[in-house]
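In what follows, a single structure is set out as structure tokens and then discussed.
Any read-out appearing in this document is the output of simple, stated calculations on the displayed coordinates, not a laboratory observation. All values derive from a computational prediction rather than experimental measurement. Here Cβ is always computed from backbone atoms with ideal geometry, including for glycine, and neighbour counts include all displayed protein chains.
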Amino acid sequence: MQFGRSRQAKRYRKLNSEIDKKDEVASEATAEVKEPKAAEGEAQAVPEEAAADGAAESAEKEPKAAEKAEKPVEPDWKDHYARLLADFDNFKKRTQRDREDIFRYAESDILKDFLPVVDNLSLALSTTANKEDPFVKGVQLVYDTFLNALKDHGAEPFDSVGLELDTEKMDAIAQLPSDTVEEGKVSNEAKRGWMLKGKVLRAAQVVVSSGKAS
């Protein structure tokens, strides 16, 4: 009986040792399986963290780029001030010149109103045969007085007969043939022209020659 029990006890110990070995192998296999999974999880976590860092960096760069794009360019205030000052200086000069012209030619309308009187006196003297007539001498005196008064105010007549047509100073009212005046030049003067301080007070009304009659 004791021998049988000893054999049975040995068998149990052997079975227990085999079971322990199997458990050790199973535990080792389980550990090996878990380690790659953990490594894989860490590998996945690293790219996810890198992607998150890249997204954060791009998110930080985008507002900076947008801020640079939206930031307006500051104007050159020194150049702007210089231009504004030059414009104002030109405005002052132009205003001063206009004021001087107003005072310089303020009497032009009054003087122009006297020109028809001078024209009529000149026409009367040109059709008088007796220059020694006291009445004619009186008209001549009045005519000379008018001319001197106009001259004192800067108004003077200018000649146009025999000259090329100047459209700024002459108004052509007709074109007629002439045996003595070349084509394109003034052959006759219907109304004399006047200047006031270098400016046309009244344009001359002239007849332009078309050349010799054929």
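Using Cα-Cα distances under 8 Å and only pairs 6 or more residues apart, what relative contact order does region 69-214 have, in percent? Kindly include the intermediate steps, with their values, before the conclusion.
Working: 174 pairs, mean separation 28.4, N = 146.
About 19 percent, as a whole number.
Can you compute the radius of gyration and Dmax for region 114-214, using only the Cα atoms, both in Å?
Cα-based Rg and Dmax for region 114-214 come out at 15.6, 47 Å.
Beta carbons within 10 angstrom, averaged per residue: use that to sort the peptides 77-87, 137-147, highest first. Each step should come with its number before you reach the end.
Details: 77-87: 9.7, 137-147: 13.5.
Order by mean packing, descending: 137-147, 77-87.
Sort Val118, Val73 by Cβ crowding within 10 Å, fewest neighbours at the top. Write down the numbers at each step before the final one.
On the way: Val118 19, Val73 5.
Ascending Cβ contact count within 10 Å gives the list Val73, Val118.
So for Leu111, Leu123, fewest C-beta neighbours within 10 Å to most, what's the order?
Values: Leu111 18, Leu123 10.
Ranked by crowding around the Cβ, least crowded first: Leu123, Leu111.
Arrange the peptides 90-98, 102-110, 163-171 so that the one whose residues have, on average, the most other Cβ atoms within 10 Å appears first. Write out the running numbers ahead of the final one.
Numbers: 90-98: 10.0, 102-110: 11.8, 163-171: 13.6.
So the order, starting with the most tightly packed, is 163-171, 102-110, 90-98.
Sorted from fewest to most neighbouring beta carbons within 10 Å, what does the list Ser210, Ser187, Ser126 look like? Don't jump to the answer; show the numbers that get you there.
On the way: Ser210 15, Ser187 21, Ser126 7.
Lowest to highest Cβ neighbour count: Ser126, Ser210, Ser187.
Extension gain Ile102-Lys78, at 0.36 nm per residue separation less the Cα-Cα distance, in nm?
Values: separation 24, 0.36 × 24 = 8.64 nm, distance 3.60 nm.
Extra length from Ile102 to Lys78 when fully extended: 5.0 nm.
What pairs from Lys151/Lys212; Lys131/Lys212; Lys93/Lys197; Lys92/Lys197 go past 28 Å between their alpha carbons?
Long pairs (Cα-Cα over 28 Å): Lys151/Lys212; Lys131/Lys212.
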